[in-house]
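This report refers to the structure that appears directly beneath it.
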Amino acid sequence: MSIDSDLYFSSISAVLGPVKFRANLNDYDHVTDSGIIAQLLADNDVASDSSAMELIRDRFVASLSEHIESVGPFRTIHGATQFIDRLRDSKEHKVAIATGGWRSSAILKLGTSGIDINGIPIASCDDSHSRAEIMRTALAKLGDEFESVTYFGDAVWDQRACQTLGWGFVPVGSDLGGIQSYDGIDL
């Protein structure tokens, strides 16, 4: 995650020049790639148009590609690939991806990390600045009514969005004291 954030913020600076960032990501209303930029433009009195967003996105994706070429793919949490495959093969469960990142950066990172996303609907900040709305969009792409929804996330904004939506939440990674491996996670 840290290299992703570093590349994201350096892409913003490369396109916009010196801008003032808020002290903490939690200080932004929408902690998504497009949501942060929208507020950053307003905070710095920069005209908000789609070209700045597109230039930053393209620069960010190019930076991710360069990082992957020089360092290698983003690593997954142990067992994540197999867990997603089990969900995909299940007759009782469905899987979608909801990300606060852009669709192009998510597809790049997932694809190079070995996760097969064929047939998995993806909702991203291309769909909305709001994380909760992105999550609703991902669910809508699955097309059915569900008895329950469980979201696996690695940040407090994921957890807050799940509380807002009334969804189950499974914390992932050390920041939230969440799971460190998908081995043994039952469907």
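Every number in this text was worked out from the coordinates using simple rules, so none of it is lab data. No experiment lies behind these values; they were computed from the predicted model shown. Cβ coordinates were reconstructed from backbone atoms using ideal geometry, including for glycine residues, and neighbour counts include every protein chain displayed.
Data table
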item: Charge dipole (debye, nearest 20) of the chain; +1 at Cβ of Lys and Arg, -1 at Cβ of Asp and Glu; result: 60 debye
item: Most mobile of Asp45, Asp29, Asp116 in a GNM of the chain (Cα contacts under 10 Å); result: Asp45
item: Crossing angle, helix 131-142 versus the chain [Cα axis fit, 0-90 degrees, rounded to tens]; result: 40 degrees
item: Computed Kirkwood radius, in angstrom, where 1/r is averaged over Cα pairs of segment 29-100; result: 15.4 Å
item: Candidates per GluC sites (Glu not before Pro) in segment 118-187, loop by DSSP, up to 11 other Cβ within 10 Å; result: Glu145, Glu147
item: Peptides ranked, highest mean first, by Cβ atoms within 10 Å: ranges 90-100, 14-24; result: 90-100, 14-24
item: Additional length obtainable on full extension of the chain from Asn44 to Glu92, 0.36 nm per residue less Cα span; result: 12.5 nm
item: Nearest 10 degrees, 0 to 90: helix 50-71 Cα axis against the chain principal axis; result: 60 degrees
item: Compactness of the chain - radius of gyration and Dmax, Cα, Å; result: 16.8, 51
item: Segment 80-176 - percent relative contact order, Cα under 8 Å, separation 6 or more; result: 22 percent
item: Angle in degrees between helix 2-16 and the longest Cα principal axis of the chain, rounded to the nearest 10; result: 30 degrees
item: Net dipole in debye of segment 68-136 [+1 Lys, Arg Cβ; -1 Asp, Glu Cβ; about Cα centre; nearest 20]; result: 140 debye
